[in-house]
Amino acid sequence: MSVPLGGVWDEAHVRGLPPSFRSPEPGLVVQGLAEAKVRNPVLILDEIDKVSRRTSTVGNPSAALLELLDPAQNTAFVDRYAGVPVDLSEVMWIGTANNLEAMPPPLRDRMDVIEVPGYTDEEKVAIVRRHLDRIVEDSGLAVERLWTGGPGVTPRERTDAGRDDATAQSTLLVEAADSAAPASSLPVEITDAAVRAVIRGHTCEAGVRHLLRLVGSVCEEVACRRVTTGDASPVLIVAHDGERPDAPASSRLRVDEVLGPARHETVPDAVRDVVAREQERVMALPRADPEAARAFDWIEVATDLPWNRRAARVGESAVMPALDRAHVGCEQQKQRLLDHLAAGGADTGMAPADTLPCLTGPAGVGKTALARSLATALGRPFVEVSLAGVRDAAAIRGIARPRPDAAPGCLVTGLRQRGVPAERKSADPVVVLDRLDQLAEGPAADALLDALDPDRNHVFRDHYVGLPIDLSAVTWLATAADPERVPGTLQGRLDVITLPGYCETEKLRIAAEHVIPRQLARHGLTPERLSFSAAAIRRLIRGYTREAGVKHLDRLVGAFARRIARLGREDGRWPGEVGPEALGAGIAEPPFREGEFTARTRRPGVAVGLGVSPAGGRLGVVEARSLPGRGAVRVTGTLSTTMRESASVALTWVREHAHRLGALALTFDWTDIHVHLPAGGRRQDRPSAGVTIVTAVVSVLTGKAVRPGVAMTGEITLSGDVLPVGSVEEKLLAAGRCGMAAVVVPKANRPDVMSVGDELRREVAVHYAASIDDVLHVALPGVLRE
């Protein structure tokens, strides 16, 4: 009879609680005697080393145990619940302990210590044979005949296979050696070689607890396959295909098909030794001990990391075609990523960690998708580590195991590559540090810097793992919506690669090649049941979305697919190919009208400007009105300081050059001007609205409407020069999305325009302006006098 002492922390567990207490109960010893129903049982004091040494408010449990073992006192042991003396002098006491040094010295002095060694591999195989019938039963497989002790031998009570501590090891081994019966007709048979493969590839323990658990996992897989396939034929578990050639191939199941290949093969020797010691320690712990669960978690993390495995190298000439197949557009961005790969050298094929490529751009432009495409092209695993809201270095480096909230850091969690087959894991994945601009300044950024520093990241140490991890082979990428918000300690390492968005031609390709097939598969549809014509896709792009990326387009296609899937399953009719006229019934009427901005510029005093926001490029209307007055100027709208300065400079230039604008020179002094910017200034706007304000004011004062379909951007000086602006490609994309025919940009931005895609330049005509005169010649032809 076993008396578990693990977790006993006060004397009441041994002596019991009297009936006067709210929850009275007898002590563990009296409970054991009551179950044994004899006065001379063998009582096993299990895990006696885990008895607390501290004296609680109700006494010291070690002192109570010492009274049990003392022949001078145990003849009249008083249990507080029973209230009468109990004679324990005839009881045979056996104690078990995993750590002799942790046992209280007074108890250790009364013990005759007998050390029980672990099992050899052959003994472990014998134990598996002995307990295979019970494992098969526990796995849910039907058993007609169980293992027996042979003819004429009565079945014996089997020791619990989940416990292989000092009290059970001898019994297990004796039973295994004593059993010489032939195998019965079990529904599953496992060869000795398969058992040895499990022992050497998946366990490092001295006992058999984990081994029996793994064998049970194999049997559970057999049971699962029987349920799914309906095949009730016996299954032979083998280590490799060449084993037992007499068995039919259909009945074989390899161990690595269930448990995966041996992870220890890729673990360095130093790490394997640490893991082996930890397994020996944890196997000596009781199953219910929380420390055992935490130790098993650590072992799983340590052996799950791809320590030495490297992915096969892919030639640089094959990377770009693979990128083009996986990702539409972004040609310049792809070239810059390949430049980083080439900088790492042909042997490594990786980006040097001292320069971190940072993909930035509005939501939905494919920052993460481009990184995933790069990983696919390189043939490496893709790992995404989100840094949003990370403020503590512990989130990067992990929390050490002595603490109850111990956990690995986000980098180690990502490197484990959960969900990736073991044979595809590698120590050189493509790791994307997502939302780097949301990482807090301070300890968290400093901890991440250690992982990126090429001088230190080959011995990066996660506090939870506690072992040096080589991160030098990792290809690092980052994404950020606003690179200026990246912590200062990391900004010096960034190479910002901007993804401005997609033009209409690229969106058509993305929708046809990626978005629509993905949504059809997600909703159980086929192209025969639902497809979109080119006109319908173009209608979705122009009438329903005005985004830089394709995220909203993806949602719209998904919403339409859900509607068609529901209606089709209700009445059995499928539309096949749909045109633009069917979109309104499936989604809603389009919120945007084509030619909206062109119609608004038909009135004098209205000009269309180009700006940029966190969502990408945008169009904004500037309105001006003239009223009788005394030459006052009023500017309204939700304006930033930058926009107010632009308006002030623009109006000063108009007043100075009134003589060049015909009748305006005679009426300016008795005319009030009101300039209104409905959209106002956004946080990411730069000084770029000066030319638009000048054009709107000149238009209203001359009574001439701005040329339809013209948008503009640029900042002016008091002398009338047009200064370069930023985010030119984003602004050109916004003009194309809104149907503008022409765009006026500063002449100094000509290199930026030439770097955009050919499709975008074909969609929008670009005019260059060195001064405000060039702008007015395009937007208000004939208004200036030379």
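The values are calculated or read from the model by the stated rules, or taken from the named source; none is laboratory data. Please read these numbers as outputs of a predicted model, since none were measured by experiment. Cβ atoms come from the backbone with ideal geometry, glycine included; neighbour counts cover every protein chain shown.
Do we find that Q417 is within 23 Å of L356 (Cα to Cα), surrounded by 17 or more Cβ atoms within 10 Å (Cβ to Cβ) and either modelled with pLDDT under 90 or in contact with a Cys (Cβ under 6 Å, 6 or more places away or on another chain) (or both) in this structure? Judged against the criteria, Q417 is a match. Scanning the stretch 314-333 for residues that are of a type in the set (A, V, I, L, M), assigned to a helix (DSSP H, G or I) and within 25 Å of the chain's Cα centre (by Cα) yields V319, A322, L323, A326.
Given (1) buried (at least 24 other Cβ atoms within 10 Å of the Cβ); (2) modelled with pLDDT of 90 or more, where does D721 come up short, assuming only one miss? Only one criterion is unmet by D721, namely (1).
Does H463 fit the bill of being closer than 30 Å to V764 by Cα and of a type outside the set (A, V, I, L, M)? It is false that H463 is closer than 30 Å to V764 by Cα and of a type outside the set (A, V, I, L, M).
Every test in (1) more than 30 Å from V557 (Cβ to Cβ); (2) not in a helix (DSSP H, G or I) is passed by L477 save one, and that test is (1). Filtering the stretch 10-62 down to residues that are out of contact with any Pro (no Cβ under 8 Å at 6 or more places or on another chain), of a type in the set (A, V, I, L, M) and farther than 14 Å from Y81 by Cα, which residue is modelled with the highest pLDDT? Per the stated criteria, the residue is V42. Scanning the stretch 13-21 finds one or more residues that are under 26 Å from A284 (Cβ atoms) and either in contact with an Asp or Glu (Cβ under 6 Å, 6 or more places away or on another chain) or surrounded by 13 or more Cβ atoms within 10 Å (Cβ to Cβ) (or both).
Could you tell me whether V783 is in contact with a strand residue (DSSP E or B) (Cβ under 9 Å, 6 or more places away or on another chain) and closer than 23 Å to K704 by Cβ? Considered against the rule, which asks whether it is in contact with a strand residue (DSSP E or B) (Cβ under 9 Å, 6 or more places away or on another chain) and closer than 23 Å to K704 by Cβ, V783 comes out as no.
Just so you know, in the stretch 709-734 the residues that are in contact with a strand residue (DSSP E or B) (Cβ under 6 Å, 6 or more places away or on another chain) and of a type in the set (D, E, K, R) include one that is farthest from P746 (Cα to Cα), and it is E730.
The helices (runs of 4 or more DSSP H) found entirely in the stretch 491-554 that carry 2 or more residues being within 25 Å of the chain's Cα centre (by Cα) and either surrounded by 16 or more Cβ atoms within 10 Å (Cβ to Cβ) or without any contact (Cβ under 8 Å) to a residue 40 or more places away in the chain (or both) are 516-522. Can we say V30 is in a helix (DSSP H, G or I), surrounded by 19 or more Cβ atoms within 10 Å (Cβ to Cβ) and under 54 Å from the mean Cα position of the chain (by Cα)? Yes: the conditions hold for V30. Would you call L43 of a type outside the set (G, A, S), touching a Gly at 6+ places or on another chain (Cβ under 9 Å) and in a helix (DSSP H, G or I)? So L43 fails the test. In the set (1) loosely packed, with under 13 Cβ neighbours inside 10 Å; (2) part of a strand (DSSP E or B), the condition left unmet by G620 is number (1). In summary, P117 fulfils each of the numbered conditions (1) at pLDDT below 80; (2) in contact with an Asp or Glu (Cβ under 7 Å, 6 or more places away or on another chain); (3) not polar (S, T, N, Q) with the single exception of condition (2). Of all positions in the stretch 759-767, at least one carries a residue that is crowded, with 18+ Cβ neighbours inside 10 Å and modelled with pLDDT of 90 or more.
Scanning the stretch 68-105 for residues that are modelled with pLDDT under 80, in a helix (DSSP H, G or I) and over 30 Å from V282 (Cβ atoms) returns a single hit, N74. Based on what the data block shows, is D138 modelled with pLDDT under 80 and of a type in the set (D, E, K, R)? In short, yes.
All conditions in (1) surrounded by fewer than 23 Cβ atoms within 10 Å (Cβ to Cβ); (2) in contact with a helix residue (DSSP H, G or I) (Cβ under 9 Å, 6 or more places away or on another chain) hold for L436, with the sole exception of (1). The set of residues in the stretch 559-611 being in contact (Cβ under 8 Å) with a residue 12 or more places away in the chain, within 21 Å of Q519 (Cβ to Cβ) and part of a helix (DSSP H, G or I) consists of A559, F560, A561, R562, R563, I564, A565, G568, P580, A582, L583, G586. With a requirement of 1 or more residues that are without any contact (Cβ under 8 Å) to a residue 12 or more places away in the chain, more than 17 Å from G720 (Cβ to Cβ) and within 45 Å of the chain's Cα centre (by Cα), the helices (runs of 4 or more DSSP H) lying completely within the stretch 741-786 that satisfy it span 750-754, 758-763.
Condition check ((1) under 21 Å from I399 (Cα atoms); (2) not aromatic (F, W, Y)) across all residues:
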site: D434; (1), (2): no, yes
site: L439; (1), (2): yes, yes
site: P443; (1), (2): yes, yes
site: L448; (1), (2): yes, yes
site: L452; (1), (2): yes, yes
site: H458; (1), (2): yes, yes
site: Y464; (1), (2): yes, no
site: I469; (1), (2): yes, yes
site: A473; (1), (2): no, yes
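Residues are listed down the side, and each one gets a yes or a no for (1) at pLDDT 85 or above; (2) in contact with a Leu (Cβ under 9 Å, 6 or more places away or on another chain); (3) under 29 Å from P628 (Cβ atoms); (4) among the small types (G, A, S):
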{"site": "R660", "(1), (2), (3), (4)": "no, yes, yes, no"}
{"site": "A663", "(1), (2), (3), (4)": "no, yes, yes, yes"}
{"site": "T667", "(1), (2), (3), (4)": "no, yes, yes, no"}
{"site": "T671", "(1), (2), (3), (4)": "no, yes, yes, no"}
{"site": "P678", "(1), (2), (3), (4)": "no, no, yes, no"}
{"site": "R686", "(1), (2), (3), (4)": "no, no, no, no"}
{"site": "V697", "(1), (2), (3), (4)": "yes, yes, yes, no"}
